[in-house]
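Heads up, the thing below is written out as structure tokens.
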Amino acid sequence: MAEDYVPYIPSRTVLPELTIKAVGLGLLLAMVMGAANAYLGLFVGITVSASIPAAVISMATFRGLKKAGMIPGVSILENNVAQAVASAGEALAAAMIYTLPALLLLGIWDSIDYVTGVSVALLGGVLGVLFSVSLRRILVVQERLPFPEGVACAEVLKAGERGSSSVTYIILAFSIGTLFKLSTAIETKFGVASLGLWSGQWGGSYSSGTTRYMIGGELSPALTGVGYIVGPRISSFIFSGGFFGGLIALPLISTLLPPDPLFDAAMRVRFIGVGTMLVGGLWTLYKMRSAIRIGVVEGIGSLRQSGADARAAYDKLPRTERDIPSRYAFGLALVLSLPLLALYGLVTGLWALALVAVLIALIAAYIFGAISGYITGIVGSSNNPLSGMTILVLLLTATVLVALGAGAGDSEQGIILVILVAATAAGAISIAGDNLHDLKAGHVLGSTPWKLQLALIVGVVGTAVVIPPVINLLHQVYGIGTGLAAPQAFLMAALSTGVFTGRLDVGMILVGATIGVGLVLLEVVGKVKISIMAVAVGIYLPIFLSTPIIIGGMTRLVMQHRMDARLRPRSDLQQEQGKEQTQRRIDALNEEVHTKGVLFASGLIAGEALMGVLIAALVLSGNSLALIEGAAAWPGFVVMLYIALLMAYVGWREYDEPTFRETHGDLLAD
């Protein structure tokens, strides 16, 4: 029970939480992290959690302001509010860049309409917060899922209370990521805009007769950082998908099949990835059926409870268990259906179909929000299969609307409506999954849940106003679909158009679905743990993007082997302290070292992504920093490998510190 758990700050202790300085800093970080994640997601189709970097940056900022005499001090719960607001930014950005750019790829819009973009992001994100209210008690308190990023974030904040210097790793890595991106040749619609000291990619697409294949890699410390964060297992699944797509599927399709008038061979490989994603999404839904049922039952039960009974029960709860009352959360969600209906109707003019679309959006937002929360509670928010769930929402919406006549005559407005529903649901799904990690951190630290939930709504509002112009900026400079692959947005565009017009490569989708079914059988019958969505994303992406990811994953694997070799306690120690206690000490040390590497990787990602956005702004102002044209790739490749090793070393060096040996020398092998 929740009452048996004692958080870091006990429920009877009241500290400042939802303060102006905490919310203000969180909003600033939400906008910055949101812009960085928008670039990363459009670039490679993968986004990462910003909770831990935001926690470290907020601690460092508040500490600096205190030393400057600008604030009297800050509590650990205020730091938690700041990072929660910031993390909402990157989560909402992921949902919007997966969906709205589809309308740019289809040529329906030349740019994201500001009011429409802000409205759909705001409504979807707030629904995600409201629907996750009832899930907090189920998944965080009762089920006690691990929520790895949430727990790690709480530990970082507690370490900050003890004066941790972790911020050094983020600042150093941020600077390195920024300089590397600035030095790499960045191709835009207007030519190379960066210094161009080395090429941005090695290898390429090659042909031998009709046979095509791809081999090579993007020069990107940010992607090596992604590989380090997701680890060797997930990164190997992504790379295996990339290897299959670039070196098996592409050669077979280009050699054995006649040319398709609508799609080239590389595009057909993408549809194989689509089919695998579809199966992965459905399999996830099936595995989550119990958690969905529990959440729905509890939500309906809260609405049936009388006001007096609900208030009496709420007053008996300790401070650390007081959420926004579920009846208010669900009631407000129903109220939001009215502006959602107005948005859909005004943008498309399809008012009758908009009613159906609102119903689909609300149901999908809740059900898949529950799935998102459960999955991220186990594997972390960076591994949230957001795209797979959004695909299912899009296909369901498109199929229903076409059956109701949306495809008759001009199908363009029907496609817009489908994309808007997918964007709304994606916003709710992404925010719900990320949200619960923040609430888990709050559960560990002793935050007041309703205050965190209000803070998350503020983060959604702040991010919603900046994401549409950021997407437009990146599209103007790099080109979404050309300079920026935007894999998920391409997927949404292809599927929605395919349902409405029949222009869908059904054969390749069935091939991908067959692969997905085979992976499910391998997981169920063979008891092999497989991330189907990671394999699917790897198939869909060019192998150039999965290569640096596997380098990052293997870097972490090598470091882990070195750690395992170093941490070998004496046999008498295991007898003296007990085998389980000794293992717990080793696991805690491993996690401490891993966290330093994650912070460094997060800094690389943020630095490279933000420099990409800044260069885009520079290009639009009519400036270019280009020094060299046609530079070679090998200097950048050498630098990238060095940065990958440095990412591992920032954690590994702790084992060589004298203080570490003095404290944990009994665990270190000679």
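The values are calculated or read from the model by the stated rules, or taken from the named source; none is laboratory data. On a predicted model such as this, the values are computed, not experimentally measured, just so you know. Using ideal geometry, Cβ is built from the backbone for each residue, glycine included, and neighbour counts are taken over all protein chains shown.
Would you point out the residue of the range 480-500, among those that are under 30 Å from GLN201 (Cα atoms) and β-branched (Val, Ile, Thr), that is surrounded by the fewest Cβ atoms within 10 Å (Cβ to Cβ)? Filtering first and then ranking leaves THR482.
Listed by position, the helices (runs of 4 or more DSSP H) enclosed by the range 69-141 that each have at least 1 residues that are at pLDDT below 85, of a type in the set (Ser, Thr, Tyr) and over 26 Å from LEU42 (Cβ atoms) are 114-135. The residue that is modelled with the lowest pLDDT, among those in the range 188-222 that are crowded, with 21+ Cβ neighbours inside 10 Å and not in a strand (DSSP E or B), is ALA193.
Applying the criterion of at least 1 residues that are modelled with pLDDT of 65 or more and under 30 Å from THR482 (Cβ atoms) to the helices (runs of 4 or more DSSP H) found wholly in the range 252-330 leaves 265-287. The helices (runs of 4 or more DSSP H) falling completely within the range 522-641 that include 2 or more residues that are small (Gly, Ala, Ser), buried (at least 19 other Cβ atoms within 10 Å of the Cβ) and at pLDDT 75 or above map to 532-540, 543-566, 579-620. The single condition among (1) surrounded by fewer than 22 Cβ atoms within 10 Å (Cβ to Cβ); (2) among the basic types (Lys, Arg); (3) under 20 Å from the mean Cα position of the chain (by Cα) that ARG503 does not meet is (3). The residues of the range 1-51 that are in a helix (DSSP H, G or I), modelled with pLDDT under 80 and surrounded by fewer than 22 Cβ atoms within 10 Å (Cβ to Cβ), listed by number, are ALA2, GLU3, ASP4.
Residues in the range 170-187: is at least one surrounded by 23 or more Cβ atoms within 10 Å (Cβ to Cβ), at pLDDT 85 or above, outside any loop (DSSP other than H, G, I, E, B) and of a type in the set (A, V, I, L, M, F, W, C)? Among the residues of the range 170-187, at least one is surrounded by 23 or more Cβ atoms within 10 Å (Cβ to Cβ), at pLDDT 85 or above, outside any loop (DSSP other than H, G, I, E, B) and of a type in the set (A, V, I, L, M, F, W, C), which makes the answer yes.
Counting only residues that are surrounded by fewer than 18 Cβ atoms within 10 Å (Cβ to Cβ) and modelled with pLDDT of 90 or more, the range 337-350 holds 6 of them.
Annotation note: Cβ proximity below 6 Å between a residue of the range 359-375 that is free of Cβ contacts under 8 Å to residues at least 12 places away in the same chain and a residue that is surrounded by 23 or more Cβ atoms within 10 Å (Cβ to Cβ) and of a type in the set (Lys, Arg) (sequence gap 6+ or interchain) occurs for no pair.
Here is the figure for the range 456-505: residues that are assigned to a loop (DSSP other than H, G, I, E, B) and more than 24 Å from VAL619 (Cβ to Cβ) total 4. Can you run down the residue pairs with Cβ atoms below 8 Å, 6 or more apart or on separate chains, where the first is in the range 136-161 and on the phi > 0 side of the Ramachandran plot and crowded, with 24+ Cβ neighbours inside 10 Å and the partner is modelled with pLDDT of 75 or more and β-branched (Val, Ile, Thr)? That search, which allows pairs on different chains as well, returns PHE147/VAL140.
In the range 455-472, the residues that are in contact (Cβ under 8 Å) with a residue 12 or more places away in the chain and surrounded by 24 or more Cβ atoms within 10 Å (Cβ to Cβ) form Cβ pairs under 7 Å with partners that are of a type outside the set (A, V, I, L, M) and not in a helix (DSSP H, G or I), at six or more places apart or across chains, as follows: ILE471/PRO101.
Considering the range 491-519, the residues that are polar (S, T, N, Q) and farther than 12 Å from LEU278 by Cβ include one that is modelled with the lowest pLDDT, namely THR501.
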